[in-house]
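The values are calculated or read from the model by the stated rules, or taken from the named source; none is laboratory data. Small disclaimer: the values here were computed from a predicted structure and weren't measured. Reconstructed Cβ throughout: ideal geometry from the backbone, glycine too, with neighbour counts over all protein chains shown. The accessibility values were calculated without ligands, DNA or RNA, using every heavy atom of the protein model including side chains. Shrake-Rupley method; radii C 1.70, N 1.55, O 1.52, S 1.80 Å.
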Amino acid sequence: MYTARGKIEQAELLDEYLPLVRRQALSMQVRLPASIELDDLIQAGTVGLLEAMGRFDSTQGASFATFASQRIRGAMLDELRSRDWLPRSVRRNARAVDEAVRRLEQTLGRAAEETEIAAELDMGLEEYRQLLNDTNSGHLLPFEALMAEGVEPGIEDASIDTAYRQLIDEEKRRQLAEGIEALPEREKLLMALYYQEELNLKEIGVVLGVTESRVCQLHSQAVSRLRVRLTAQD
């Protein structure tokens, strides 16, 4: 049961951190399909913030700001996963691209070219690029999703085993960094602009001198390469 002072502190924390919820929602929305409403992300993030306020344990060493930020983002990702908006046919096609990339790069010993992947899938180049557009529309924040997959079930609560969770995260980050370094130069630059500089797809298109649609295709192809690499190292 909350004390009167406890209620005041909770209200103060809520007021202080609600702007963080909105900032994270805005940052996430620009990388998602247009059908995802900002208000839905904010609502999910607010639930995550409230959970953080109820579960935070200062004896674990992490600051409340860090803990709350993780909970907010995690709640938003959970909301997106629960919607499962990606059709089965698109998921099937994404897996087919992954398998084609895996086979080719094992055989070639290098990053496969677009034309080689299209040929492996028995497709024309334009058909393959359209497939990349389709699969990219369903990717939700691949970096965060890949990182989330590195946390084993049951290690979601930082108060359970913080050290183990940090170890898993660090290993996944190392593998992901190595995977990005191995990407073709243009895809490597795209990922840096997208995740480090936080440019949107239109802005990246201007930098690369290509259309926004082409950025989507290259992004989808880069994510496929990274999934293949991370899966192979598990």
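Among the residues of region 95-129, not one is touching a helix residue (DSSP H, G or I) at 6+ places or on another chain (Cβ under 6 Å), surrounded by fewer than 16 Cβ atoms within 10 Å (Cβ to Cβ) and closer than 16 Å to Thr231 by Cβ.
Listed by first and then second residue, the pairs with beta-carbon distance under 7 Å, at least 6 apart or on different chains, first residue in region 96-116 and without any contact (Cβ under 8 Å) to a residue 60 or more places away in the chain, second among the aliphatic types (A, V, I, L, M) and open to solvent by 30 Å² or more (accessible area, probe 1.4 Å), are Ala96/Leu121; Ala100/Leu121; Thr115/Leu125.
Output the residues belonging to region 194-234 that are among the aliphatic types (A, V, I, L, M), open to solvent by 20 Å² or more (accessible area, probe 1.4 Å) and at pLDDT 85 or above. Answer for region 194-234, where residues must be among the aliphatic types (A, V, I, L, M), open to solvent by 20 Å² or more (accessible area, probe 1.4 Å) and at pLDDT 85 or above: Val206, Val207, Leu208, Val210.
Scanning region 71-94 for residues that are of a type in the set (D, E, K, R), more than 24 Å from Ala232 (Cβ to Cβ) and within 18 Å of the chain's Cα centre (by Cα), we see that the one that is least open to solvent (accessible area, probe 1.4 Å) is Arg71. Checked against (1) over 21 Å from Thr135 (Cα atoms); (2) out of contact with any helix residue (DSSP H, G or I) (no Cβ under 7 Å at 6 or more places or on another chain), Pro87 passes all but a single condition, namely (1).
Scanning region 174-208 for residues that are assigned to a loop (DSSP other than H, G, I, E, B) and among the charged types (D, E, K, R) returns Glu197, Glu198.
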